[in-house]
Ligand code: PEP
Ligand code: MN
């Protein structure tokens, strides 16, 4: 149910509504919009109906939330959610670029990448320290050492760190280093993990499972929102189809479909979505044209020798070219991407990284 408060109703009336909802064992989510304050009431529908909430002072109307997802729904919040993690802002008119390697491999690799993408206008640095790999024999990530390297990259550039957490028991460790917690495609329906990141104070980038419907994606987001974390970013990263020319099939209709139904920002991952670096720039441009609020891209100083996902990773000059293309498309659709960074970042001696 959505309780719409009368315009200008005093805070005491809102407090009374909230405490009544709590006393009924239901969960209130207060959403203060620019035009109206609403309270989404989550819990057993019959007890909500029997509660007589419409009779409380300050309540203008009570109506059902029709969508199966509740707090994520546009019915509850009309204004788009803007997620902020330091310099990384996702939602609103600017388009956020998050870039970096699939896996953190070494200090020179991550620092060199961080400085390059920062100069090109990215505001977020991605990089997996805990890697969910299809084979148990593949590189599993540098784990805590990888997190320390990401922190050094943030200290050096100011980029916000976006990194994956693969298990609930790792949330507190990863949260010490990350600015945004990434929940990977394989974990989209790991409900205990969703609840754990929902209890964290950090924004969450939630990737669509390769076999998940958009309704399932929104219901997964709902777990995080219902646990108290409103800072959720949805990510389309491609789904599994019969097509084998690309690694996954990247559906861009996802973007306007989600924007019509949820206030949460939507980013696109054309690296995993295509699996081929040669396709990433075109699909990035298309995603921006279709209304994406950001891109998450794999970039590596030496893609051929990457420990994971080298075939879909852009080298530095391809990334700089992508940024030029995407800036033009963003401008054409009334959005903007941060300009190239003119302030030099401190140079740290990096032994022997190929450029
Ligand atoms: C990744 O971002 O490197 C990753 C593993 O992505 P996904 O969960 O979308 O497969
Ligand atoms: Mn990857």
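Read-outs: derived from the displayed coordinates by stated rules, not from any lab. Fair warning: this is a prediction, and the values are worked out from it, not measured in the lab. Virtual Cβ from ideal backbone geometry, glycine too; neighbours counted across all protein chains shown.
So how do 11-17, 216-222 stack up, highest first, on mean other-Cβ count within 10 Å?
216-222, 11-17
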Expected 222 nm ellipticity per residue - DSSP helices of 4 or more, -39500 (n - 2.57), all of the chain, to 500:
-10000 deg cm²/dmol
Centroid-to-centroid separation of the stretch 1-30 and the stretch 247-271 [C-alpha atoms, Å]:
33
Would you work out the relative contact order for the stretch 187-318, in percent, from Cα pairs under 8 angstrom that are 6 or more residues apart?
18
Quote the convex hull volume per residue of the stretch 163-220, based on C-alpha atoms, as a whole number of Å³.
65
Report Rg(Cα)/(2.2 N^0.38 Å) for the chain, keeping two decimals.
1.03
Any chance you could give the angle, 0 to 90 degrees and rounded to 10, that helix 316-332 forms with the longest Cα principal axis of the chain?
40
To the nearest 10 degrees, how steeply does helix 144-157 sit against the main Cα axis of the chain, on a 0 to 90 scale?
90
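From the Cα gyration tensor of the stretch 2-63, with a ≥ b ≥ c the square roots of its eigenvalues, which class applies: rounded if a/c is under 1.5, or else prolate if a/b is larger than b/c, or else oblate? Present the calculation step by step, with values, prior to reporting the outcome.
Working: a/c = 1.70, a/b = 1.61, b/c = 1.05.
Here the stretch 2-63 falls in the prolate category.
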In nm, to one decimal, how far is the modelled label at residue 244 from the one at residue 227, with both set 7 Å along Cα→Cβ?
3.8
Residue 317 versus residue 148: modelled label distance in nm, points set 7 Å from Cα along the beta carbon direction:
3.6
Using a 10 Å cut-off around each Cβ, can you sort 263, 29 from fewest to most neighbouring Cβ atoms?
29, 263
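Using the number of other C-beta atoms within 10 angstrom as an exposure proxy, rank 79, 320, 164 with the fewest first. It would help to have the intermediate numbers written out before the result.
Values: 79 14, 320 17, 164 24.
Exposure proxy ranking, most exposed first: 79, 320, 164.
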Of 89, 180, 204, which has the largest mean-square fluctuation in a 10 Å C-alpha GNM of the chain?
89
Any idea how far the Cα center of the stretch 85-161 sits from the one of the stretch 285-340, in Å?
14
With bins 5 Å wide starting at 0, give me the P(r) of the stretch 50-146 over every alpha carbon pair, in whole percents.
2, 10, 13, 12, 12, 10, 10, 9, 6, 5, 6, 3, 1
Between residue 133 and residue 336, what is the label-to-label distance in nm when each label sits 7 Å out along the Cα-to-Cβ direction?
4.3
Among 137, 191, 69, which comes first, then next, by fewest other beta-carbon atoms within 10 Å?
137, 191, 69
Give me the percent relative contact order of the stretch 29-128, please, defined on Cα pairs under 8 angstrom at least 6 residues apart.
19
To the nearest 10 degrees, how steep is helix 214-226 against the longest Cα principal axis of the chain, on a 0 to 90 scale?
70
